[in-house]
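The structure appears below as structure tokens.
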Amino acid sequence: YIYFFSSKESQERFMRNPIKYIRQPKPKPAVPVKIAIVGPPKSGKTTVAEKFASVYGLLRLSMGDAIRLALDSQPESQLALGLKWHLHRGQTVPDELAIQALDVALMNHVCATTGVVIDGYPVTRRQVNLLETAKIIPVKIFELEMDAKEVFRRALLDEESTNRPPYPKHDSLEILAVKNSCYKQHIDAIRTYYEKEHQNWCVIDASQSKWWIWNKVLQEVEMVVKEIQRYLERIKEGKAAGIADLCITPDELQLRLGEFGQYCPVSLAEKGELVDCSALSLQFAAEFRGHYYKMASQEELDKFLSQPEVYVPPLAPHPLPLPDMLPQKLTAAEVKALFPISAEMQGYCPVTYLDGKLRYEALVPGKSEYAAKYQGKVYVFESEEKLLKFLRLPEKYCNLKLPHKLPPRKEPILLTALPLLGYLEQAIATSLIKALSEVGCLKPKFPFLSVKATALLFVACHLKAHNPRSSEPVRQIYQRRLAQFTEHCQLIPYLKEAMTGPYLEPSCRPLGFDSRLQTFFALK
């Protein structure tokens, strides 16, 4: 074999001990990575992208670069003519043409061998849809998160910099404010989509130093590359491999699902449970023999990766039932649409009944919002937990029989149909307790009225003043009336205290005494 070296020194070291260097582990296969960096203006997107380009040889590609590349390399193509038509009129290039230009730029040999960094794209939800249609999915998207205050601070520092180009730049504070506002408007929807569909979104604190940001981004990219290399090695060896970081589209997943569909093969083989993983991400998914399988947790994934042959046909102990034999979760509207089909077990929860050892106390009515259909029959359950338990083991709970003696049905009763005491308890008990408590604390006595009559009047005004069914103006009227009533009740203790001493001339009496005395006699 002929070997090539980077320097004369390396050549001499090899010649002194060639066996040492020949027997080292083979290098892992080179993996071209496709990453994207988004963020508000002045967040450092281009700085990170250019760092990748200079250190690792990745192609740094902004949307402007992609359009210029299409115009320069294929000036007479239909794409270039369409781009020129808009640009010569001073218009923005439509997203459809921009994505086509990006697709052409990604054909560059550097992208296929080393990788590419897409700088500042996508920035709208529509652009995300177009990227998905073109099957352009970055293995990792970094969001450089930064608040508006830091954006403007960096902009002011750039204005004071001596390294600015001689031509004017579109980076005034007004333009930056518009750009930042547009970015904030769309970024939440973009983040939510990629987190849900591909789990390839990573948020980086852009207010940190550029060295910290670079190390963080590099660490994430290295992890992704290692996962892809591990995947390639295991698939080449005929083993099962995780697919969490491969950015597989939902359509591709559906096309290559294995014999168990969205159900966990490990749970079915070891516990006989039908665990539906359709709501889970690809974090616990794996590929084996060209098919995808989804697991319920990391524990099941580790078991599948170690011995995948045991859990797939022909060695799998339990095949997945036919589609019409699988339990199906129902919404309340779907249950209503199935009328006249009624719930099995007269609407009682089968899981609660069986787990309660078939006792009379375990007969609990189910709720229509927790329902499932199995073998053409409808079952309702007490809670979400009981519903999930039935979906995992439907055979265990589907053929139960009710006892002859059933609990009395708890039929709803109209409030107005209750007897007087029951109506008072359900309707005005809280308001009445508050009114009576306040009477007991104040112990009011209205002038020239008995204690009983005073208490009844106070309770009546209190109920009117705090009636939730009355309008706000009506409540305010009675609140003022209650306050006035309470003030008049304070006249007796006031006059008692003020008149205990000897007679005083009008000029020597306390301020307001005469007016309160006249009010007292007027109330008679």
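Checking the conditions here, which among Glu145, Glu132, Glu96 is open to solvent by less than 70 Å² (accessible area, probe 1.4 Å) and not hydrophobic (A, V, I, L, M, F, W, C)?
Working: Glu145 fails: open to solvent by less than 70 Å² (accessible area, probe 1.4 Å); Glu96 fails: open to solvent by less than 70 Å² (accessible area, probe 1.4 Å).
Just a single option satisfies the conditions, and that option is Glu132.
Select from the stretch 375-428 the residues that are touching a residue at least 12 places away in the same chain (Cβ under 8 Å) and assigned to a helix (DSSP H, G or I) and list them in ascending order.
The answer is Glu384, Lys386, Leu387, Lys389, Phe390, Leu391, Arg392, Pro394, Lys396, Tyr397, Leu415, Ala427.
For residues that are within 17 Å of Glu382 (Cβ to Cβ) and of a type in the set (Ser, Thr, Tyr), scanning just the stretch 332-367, find the one that is nearest to the chain's Cα centre (by Cα).
From the stretch 332-367, those within 17 Å of Glu382 (Cβ to Cβ) are 332, 335, 343-367; that's our starting set.
Subsequent filtering for residues that are of a type in the set (Ser, Thr, Tyr) retains 348, 352-353, 360.
On the way: Tyr348: 33, Thr352: 31, Tyr353: 34, Tyr360: 41 Å.
In this case the residue turns out to be Thr352.
Name the one entry in Asp276, Asp302 that is of a type outside the set (A, V, I, L, M, F, W, C) and touching a helix residue (DSSP H, G or I) at 6+ places or on another chain (Cβ under 7 Å). It would help to see each step written out before you state the result.
Numbers: Asp302 fails: touching a helix residue (DSSP H, G or I) at 6+ places or on another chain (Cβ under 7 Å).
Result: Asp276 is the single residue among Asp276, Asp302 that is of a type outside the set (A, V, I, L, M, F, W, C) and touching a helix residue (DSSP H, G or I) at 6+ places or on another chain (Cβ under 7 Å).
Return the residues of the stretch 230-248 that are without any contact (Cβ under 8 Å) to a residue 60 or more places away in the chain and not in a helix (DSSP H, G or I); say none if nothing qualifies.
Residues satisfying the conditions are Glu237, Gly238, Ile243, Ala244, Ile248.
Report yes if Ser209 is modelled with pLDDT of 90 or more, small (Gly, Ala, Ser) and either loosely packed, with under 11 Cβ neighbours inside 10 Å or on the phi > 0 side of the Ramachandran plot (or both), otherwise no.
Numbers: modelled with pLDDT of 90 or more: yes; small (Gly, Ala, Ser): yes; either loosely packed, with under 11 Cβ neighbours inside 10 Å or on the phi > 0 side of the Ramachandran plot (or both): yes.
Yes, satisfied.
Just to be sure I understand, how many residues within the stretch 465-506 are part of a helix (DSSP H, G or I), within 58 Å of the chain's Cα centre (by Cα) and surrounded by fewer than 17 Cβ atoms within 10 Å (Cβ to Cβ)?
13
If you go through the stretch 1-56, how many residues are β-branched (Val, Ile, Thr), in contact with a Ser or Thr (Cβ under 9 Å, 6 or more places away or on another chain) and not in a strand (DSSP E or B)? Quick ask: steps written out before the conclusion?
Applying the first criterion (β-branched (Val, Ile, Thr)) to the stretch 1-56 yields 2, 19, 22, 31, 33, 35, 37-38, 46-48, 55.
Next, from what is left, pick out any that are in contact with a Ser or Thr (Cβ under 9 Å, 6 or more places away or on another chain): 33, 37, 46.
Still in the list and also not in a strand (DSSP E or B): 46.
Final tally of qualifying residues: 1.
Do we have Leu59 as open to solvent by 40 Å² or more (accessible area, probe 1.4 Å) and touching a residue at least 12 places away in the same chain (Cβ under 8 Å) here?
Values: open to solvent by 40 Å² or more (accessible area, probe 1.4 Å): yes; touching a residue at least 12 places away in the same chain (Cβ under 8 Å): yes.
It is true that Leu59 is open to solvent by 40 Å² or more (accessible area, probe 1.4 Å) and touching a residue at least 12 places away in the same chain (Cβ under 8 Å).
Hey, can you tell me all the residues within the stretch 267-313 that are more than 21 Å from Asp245 (Cβ to Cβ) and surrounded by 16 or more Cβ atoms within 10 Å (Cβ to Cβ)? Give the derivation first.
Within the stretch 267-313, the subset more than 21 Å from Asp245 (Cβ to Cβ) is 267-276, 307, 309-313.
The answer is Ser267, Leu268, Ala269, Glu273, Leu274, Val275, Asp276, Tyr311, Val312.
Can you list the strands (runs of 3 or more DSSP E) found entirely within the stretch 249-361 that contain at least 3 residues being more than 30 Å from Leu406 (Cβ to Cβ) and in contact (Cβ under 8 Å) with a residue 12 or more places away in the chain?
Numbers: elements: 285-288, 291-294, 328-330.
Counting at least 3 such residues, we get 285-288, 291-294.
Confirm whether Lys26 is surrounded by fewer than 21 Cβ atoms within 10 Å (Cβ to Cβ) and more than 51 Å from the chain's Cα centre (by Cα).
Working: surrounded by fewer than 21 Cβ atoms within 10 Å (Cβ to Cβ): yes; more than 51 Å from the chain's Cα centre (by Cα): no.
Taking the combined requirement at face value, the residue does not satisfy it.
If I filter the stretch 437-464 down to residues being part of a helix (DSSP H, G or I) and among the basic types (Lys, Arg), which single residue comes out as nearest to the chain's Cα centre (by Cα)?
Going through the stretch 437-464, the residues part of a helix (DSSP H, G or I) turn out to be 437-442, 451-464.
Restricting the remaining residues to those that are among the basic types (Lys, Arg) gives 452, 464.
On the way: Lys452: 60, Lys464: 45 Å.
For the stretch 437-464, the residue satisfying everything is Lys464.
The values are calculated or read from the model by the stated rules, or taken from the named source; none is laboratory data. Just so you know, these numbers come straight off a predicted model, no measurement behind them. All Cβ positions, even for glycine, are placed from backbone atoms using ideal geometry, and neighbour counts span all protein chains on display. SASA here: full protein model, heavy atoms, side chains in, ligands and nucleic acids out. Shrake-Rupley method; radii C 1.70, N 1.55, O 1.52, S 1.80 Å.
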